[in-house]
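Participant: I have a structure I would like to understand better, so I am pasting it below and will then ask my questions one at a time.
The values are calculated or read from the model by the stated rules, or taken from the named source; none is laboratory data. As the structure is a prediction and not an experimental result, all values here were calculated from the model. Note: ideal-geometry Cβ built from the backbone for every residue, glycine included; neighbour counts use all protein chains shown. Ligands, DNA and RNA are excluded from the accessible area calculation, which covers all protein heavy atoms including side chains. Shrake-Rupley method; radii C 1.70, N 1.55, O 1.52, S 1.80 Å.
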Amino acid sequence: MTDTQREQWLKKHGLPKNDLDRFNNAAHWWDPIKTMLDLQVMLTCVWEFYVDFRGEEYFISSEHGYRVYLVDGDELIYKSDDLDDFGENARIGEDGEFLLKDVIKELVFE
């Protein structure tokens with residue numbers, strides 16, 4: 001995502017250009033992530049991270065679209081080229097059985 005695309009996406013969602021500051025200024029960068037929108041803000045900056053969910057490790061990436069991988073076996077669980085679609089429909093779980101937005105508060109960021 002280019003800087004211009006990022007600014008347009010933030011504006012579309014009513015977020016300030018400097019919304020990333022709340023993550024950079026937190027004791028741990030992941031502390032402010034409480035909602036899917038928070039996670040999407042991080043992805044606009046091409047951040048990638050590992051999370052633990054119910055005993056399994058996942059990798060969430062914004063390179064080459066927005067993706068969720070099960071680390072064990074490097075299995076692609078979900079992918080989308082659209083960040084808003086990712087926010088609504090991203091899946092997690094060994095078989096992609098959970099909507100990420102429904103379980104976001106259960107994620108443990110590494």
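Participant: To the nearest 500 deg cm²/dmol, what mean residue ellipticity at 222 nm is calculated for the chain from DSSP H runs of n ≥ 4 alone, each contributing -39,500 (n - 2.57), summed and divided by the residues? Walk me through the numbers on the way to the answer.
Facilitator: Details: 5 runs with 34 residues, N = 110.
After summing the helix terms and dividing by residue count, I get -7500 deg cm²/dmol.
Participant: A further question follows. Can you give me the long-range amide H partners of GLU57? Hydrogens built in the peptide plane at 1.01 Å from N, cutoff under 5 Å, separation of 5 or more residues or another chain.
Facilitator: For GLU57, the qualifying residues are VAL71, ASP72.
Participant: With a 1.4 Å probe and all protein chains in place, put ASP81, ASP52, ASP102 in order of accessible area, largest first.
Facilitator: Accessible-area ranking of ASP81, ASP52, ASP102, largest first: ASP81, ASP102, ASP52.
Participant: Once you have the Cα-Cα distance between GLU88 and ASP21, take 0.36 nm times their residue separation minus that, and quote the gain in nm to one decimal.
Facilitator: 21.7 nm
Participant: Could you tell me the accessible area of LEU99 in Å² (1.4 Å probe, neighbours in place), rounded to the nearest ten?
Facilitator: Accessible area of LEU99: about 40 Å².
Participant: Between GLU48 and HIS28, how many nm apart are label points set 7 Å from Cα along the C-beta direction?
Facilitator: About 2.2 nm separates the two model spin labels.
Participant: If you don't mind, another one. So if I place +1 on the C-beta of Lys and Arg and -1 on the C-beta of Asp and Glu, and nothing else carries charge, what would the dipole magnitude of the chain be about its Cα centre? I want it in debye, nearest 20.
Facilitator: On the way: 12 positive and 25 negative charges, 128 e Å.
So the magnitude is around 620 debye.
Participant: Multiplying the sequence separation of HIS64 and GLU110 by 0.36 nm and subtracting their Cα-Cα distance, what value in nm do you get?
Facilitator: Working: separation 46, 0.36 × 46 = 16.56 nm, distance 2.18 nm.
Contour length minus Cα-Cα distance gives 14.4 nm.
Participant: Can you work out ³J(HN,Hα) from phi for every residue in region 59-69, in order, using Karplus 6.51 cos²θ - 1.76 cosθ + 1.60 and θ = phi - 60°, giving whole Hz and x for Gly and Pro?
Facilitator: 10, 10, 10, 10, 8, 6, x, 10, 9, 10, 10
Participant: Next question, about the same structure. How far is helix 3-12 tilted off the main Cα axis of the chain, in degrees rounded to 10, range 0 to 90?
Facilitator: 90
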